[in-house]
Amino acid sequence: KAGVTQTPRYLIKTRGQQVTLSCSPISGHRSVSWYQQTPGQGLQFLFEYFSETQRNKGNFPGRFSGRQFSNSRSEMNVSTLELGDSALYLCASSYQTGGGNTIYFGEGSWLTVV
Amino acid sequence: GEDVEQSLFLSVREGDSSVINCTYTDSSSTYLYWYKQEPGAGLQLLTYIFSNMDMKQDQRLTVLLNKKDKHLSLRIADTQTGDSAIYFCAGGGSQGNLIFGKGTKLSVKP
């Protein structure tokens, strides 16, 4: 069974640009959550999608957005990039909304903003 | 608010047992989790424990949960150099998300 797949793995963007990250969950999982990991703030919740609907949202500005497709794949978008958006963005996949007992993460997308 | 706290560093000798501790504030978490992160990698789910359990054992891993004290621990028996990584404790937040600790960096000396 394939794991959670995130693309791209590494990317470098310039301030002011926008970026789109993609996540394919484990087959059969309908919940996809996104987290931002930085050395200073640690792991912070961005949002969760379940069956194409945003269920929960963390405390991030509106520049951070996401969506989920009918095949459960999810994308997140960050517009007007700032230096502070440099981080590892992690996608988590689970069968049910709210997580349940097994929540699996992908390898992450490393974003550097210069 | 919801919070999870862990000590930042732990150093052990190869072959010894490692015990990583965690305290949490949100007692409504249905599950509590332990994740491992190696350099440059994502989070690997090591194990989880249901909130009405006191202990769970999975091969070299033993999780202990003290709900009264809101204390969770992960014991790794016969620690190997390959166990060197950052270990995160996480509980379920009120929004259905995971609340993570800052992570404990485990160093295993040969």
Quick one, what does Rg over Rh come out to for the stretch A:1-66 if you take C-alpha atoms and the Kirkwood Rh? 0.97
Where in the stretch A:10-50 does the label zone of B:Asp26 land, with the point 7 angstrom along Cα→C-beta and an amide N cut-off under 15 Å? A:33-36, A:43-49
Please sort by residue number the chymotrypsin sites (Phe, Trp or Tyr not before Pro) in the stretch A:40-97 whose DSSP state is loop and whose Cβ has at most 13 other Cβ atoms within 10 Å. A:Phe69
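Assuming a ≥ b ≥ c are the square roots of the Cα gyration tensor eigenvalues, decide whether the stretch B:40-110 counts as rounded (a/c under 1.5), prolate (otherwise, with a/b larger than b/c) or oblate.
Cα axes put the stretch B:40-110 in the oblate bin.
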Stretch gain in nm, segment A:Thr38-A:Ile12, where the contour uses 0.36 nm per residue and the Cα spacing is subtracted: 7.8 nm
What's the magnitude of the charge dipole for chain B around its Cα centre, counting Lys and Arg as +1 and Asp and Glu as -1 at the beta-carbon? Answer in Debye, nearest 20. 100
Other protein chain Cβ atoms within 10 Å, averaged over every residue that makes up B:30-41: 3
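Quantify how strongly other chains surround peptide B:98-104 by giving the mean number of their Cβ atoms within 10 Å of each of its Cβ atoms. It would help to have the intermediate numbers written out before the result.
Values: counts 9, 3, 6, 2, 4, 3, 0.
Mean shielding by partner chains, rounded to a whole number: 4.
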At 10 °C in a medium of viscosity 1.306 mPa s, the stretch A:20-114 has a Stokes-Einstein diffusion coefficient, with Rh taken as the Kirkwood radius over alpha carbon pairs, in µm² per second, of 120
From the Cα centre of the stretch A:46-102 to that of the stretch B:30-44, the distance in Å is 18
Per the Debye formula with a single identical scatterer at each Cα and no solvent contribution, what log10 I(q)/I(0) holds for the stretch B:1-63 at q = 0.18 Å⁻¹? -0.85
Can you divide the C-alpha Rg of the protein assembly as shown by 2.2 N^0.38 Å and report the result to two decimal places? 1.01
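Every number here is computed from the coordinates shown, using simple stated rules; none is lab data. This structure is a prediction, so every number in the text was calculated from the model and none was measured. No Cβ is skipped: glycine too gets one built from the backbone with ideal geometry, and neighbour counts run over all protein chains shown.
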